[in-house]
1. Those residues that are touching a residue at least 12 places away in the same chain (Cβ under 8 Å), assigned to a helix (DSSP H, G or I) and under 21 Å from the mean Cα position of the chain (by Cα), I need them from the stretch 37-57; list them, please.
2. Of the conditions (1) open to solvent by 40 Å² or more (accessible area, probe 1.4 Å); (2) within 28 Å of residue 5 (Cα to Cα), residue 58 fails just one. Which one is it?
3. Between a residue in the stretch 10-34 that is over 14 Å from residue 68 (Cβ atoms) and part of a helix (DSSP H, G or I) and any residue that is open to solvent by less than 60 Å² (accessible area, probe 1.4 Å) and among the charged types (D, E, K, R), which pairs come within a Cβ distance under 9 Å, given they are 6 or more apart or on different chains?
4. With the structure loaded, tell me whether residue 79 is more than 18 Å from the chain's Cα centre (by Cα), open to solvent by 70 Å² or more (accessible area, probe 1.4 Å) and more than 30 Å from residue 120 (Cα to Cα) or whether it fails that test.
5. Within the stretch 112-125, can one find any residue that is of a type in the set (Asp, Glu), on the phi < 0 side of the Ramachandran plot, surrounded by 11 or more Cβ atoms within 10 Å (Cβ to Cβ) and free of Cβ contacts under 8 Å to residues at least 40 places away in the same chain?
Amino acid sequence: MTTRKINTIIAVSIFFITFIIFLMTVAPTISFWDCGEFITCSYIMGIPHPPGSPFLSLIGRVMTLIPFYDFRGNGISEIAYRVNMIGVILGALTAMLTYLIMTKLIRKLRPPTDSRLEQAITMSCAAITAFMVAFSD
């Protein structure tokens, strides 16, 4: 297998691992602070308190139209669960993109070699970095 194909497989694996873990821990309803306000404004297409966050409201409205199934027993009726899925999807994408950016950055900073050990070290360091970003506070 080529290095590019292995790199793609690892990136997709990181996405799915973080997606599944975030999906298992997503809030099924509203949580503390501004989340309830943003979820409500996304559902009714209102304007939350200043500065407003219009892009979040638009993306939240799109997410309310997609029937995500909550496998923990709430079904598809919870609007808050659907809006909270924004964090799940974007968190998993962030971890995947962190992996891809770190592999590029490590390859730019190190001298080019065709050693499989060097490539494995690069990919494993980037994967560890991606998981640290995904599961850090």
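1. Taking the stretch 37-57 first, the residues touching a residue at least 12 places away in the same chain (Cβ under 8 Å) are 37-39, 41-43, 45, 48-49, 53, 56-57.
Then keep just the ones that are assigned to a helix (DSSP H, G or I); that gives 37-39, 41-43, 56-57.
38, 39, 42, 56, 57, listed by residue number.
2. (2)
3. Note: no pairs meet the criteria.
4. Values: more than 18 Å from the chain's Cα centre (by Cα): yes; open to solvent by 70 Å² or more (accessible area, probe 1.4 Å): no; more than 30 Å from residue 120 (Cα to Cα): yes.
No; evaluated as a whole, the condition is false for this residue.
5. As a first pass, look at the stretch 112-125 and keep what is of a type in the set (Asp, Glu): 114, 118.
Adding the requirement that they be on the phi < 0 side of the Ramachandran plot leaves 114, 118.
From what's left, surrounded by 11 or more Cβ atoms within 10 Å (Cβ to Cβ): 118.
Pick out the ones that are also free of Cβ contacts under 8 Å to residues at least 40 places away in the same chain and you get 118.
Yes: the stretch 112-125 contains one or more residues that are of a type in the set (Asp, Glu), on the phi < 0 side of the Ramachandran plot, surrounded by 11 or more Cβ atoms within 10 Å (Cβ to Cβ) and free of Cβ contacts under 8 Å to residues at least 40 places away in the same chain.
The values are calculated or read from the model by the stated rules, or taken from the named source; none is laboratory data. Please read these numbers as outputs of a predicted model, since none were measured by experiment. All Cβ positions, even for glycine, are placed from backbone atoms using ideal geometry, and neighbour counts span all protein chains on display. Ligands, DNA and RNA are stripped out before the accessible areas are found, and what is left, the full protein with its side chains, is counted by its heavy atoms. Shrake-Rupley method; radii C 1.70, N 1.55, O 1.52, S 1.80 Å.
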